[in-house]
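Novice: Please see the structure below; I have some questions.
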Amino acid sequence: MLVKTKAIVISSLKFHEKSLIVKCFTLSDGLKSYFVRDAFSARKGNQKIAYFQPLTLIEIEAIHKNKGTLEQIKEIKIDCPFQTIHSDVVKSTMTLFLSEMLHHSIHEEEKNEPLFHFIESALHWFDHHDEIANFHLIFLLEIAKYLGFYPDISDIQFPFFEMKDGVFTPFHSLTSLNEHETQLFKKLIDLEFDNNQKTFHVSERQIVLRILIDYYSMHLDGFKKPKSLEVLKEVFS
């Protein structure tokens, strides 16, 4: 089936000398993996390697056989060129980290338009703003809404957050956050992208990031800690 769709590049892996295996989150079909032949060849002007940087927004025309094998891209173009995401060292490091998180989090090969549009709009905001210290934290918490494990905030007045069940409770347990961690987590829940990005100190931001990664680990089968996590910590230390 010939499909024309927007897509978000999640990851790319070099295959042999000149080709790539690219994983994309598509608007039309959810997660898809493509074999891009001669991606590094100058002859293939329509398949420049720059198109496949992490979280690039692209438009593709592809052949989807839907047999669980690698699909084929026939035409590709940048949907919206980023101005800062791949050129600013802080933003590019954060982008690499978030693309790894999505790589280990999104598994369904089915359409999820709300998730696609959230990622797309978040990336546009990220590209056009400079105060982005908490962007990755807000982004990951919001993604949990679309993956089905956003915290239940109906009892948010309680002092402990139970990680396993995703609820706030009056009692501390082996899988709950302590009171200080819970307060930081509550602060994150109240944040939006346009809120003050200096809400957390560096040490607090590291704690919140650890909480989010642990939370993802508890709720997603086979989740792996991103390799770029340590680089991200260095950038924000």
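Novice: Rounded to the nearest 500, what is the chain's calculated 222 nm mean residue ellipticity when only DSSP H runs of at least 4 contribute -39500 (n - 2.57) each, over all residues?
Specialist: -10500 deg cm²/dmol
Novice: Where in region 128-237 are there chymotrypsin sites (Phe, Trp or Tyr not before Pro) that are in a DSSP coil and have at most 10 other Cβ atoms within 10 angstrom of their Cβ?
Specialist: Here the chymotrypsin sites (Phe, Trp or Tyr not before Pro) that fit, given the DSSP loop and packing criteria, are PHE171.
Novice: Here is a follow-up. Could you tell me how many degrees, from 0 to 90 and to the nearest 10, lie between the Cα long axis of helix 202-219 and the main elongation axis, the longest principal axis, of the Cα atoms of the chain?
Specialist: For helix 202-219, the angle is close to 70 degrees.
Novice: Using only the Cα atoms, what convex hull volume per residue in Å³ does the chain have?
Specialist: Cα convex hull per residue, to the nearest whole number: 128 Å³.
Novice: Could you list the trypsin sites (Lys or Arg not before Pro) in region 154-237 that lie in coil according to DSSP, counting only those with at most 11 other Cβ atoms within 10 Å of their Cβ?
Specialist: Here the trypsin sites (Lys or Arg not before Pro) that fit, given the DSSP loop and packing criteria, are LYS198, LYS227.
Novice: Note down the magnitude of the dipole of region 106-161 about its Cα centre, charges +1 on Lys and Arg C-beta and -1 on Asp and Glu C-beta and zero elsewhere, to the nearest 20 debye.
Specialist: About 140 debye.
Each reported figure results from applying straightforward, stated rules to the coordinates on display, with no laboratory input. Note that this is a predicted model, so its numbers are computed, not measured. Backbone-built Cβ (ideal geometry, glycine too); neighbour counts: all protein chains shown.
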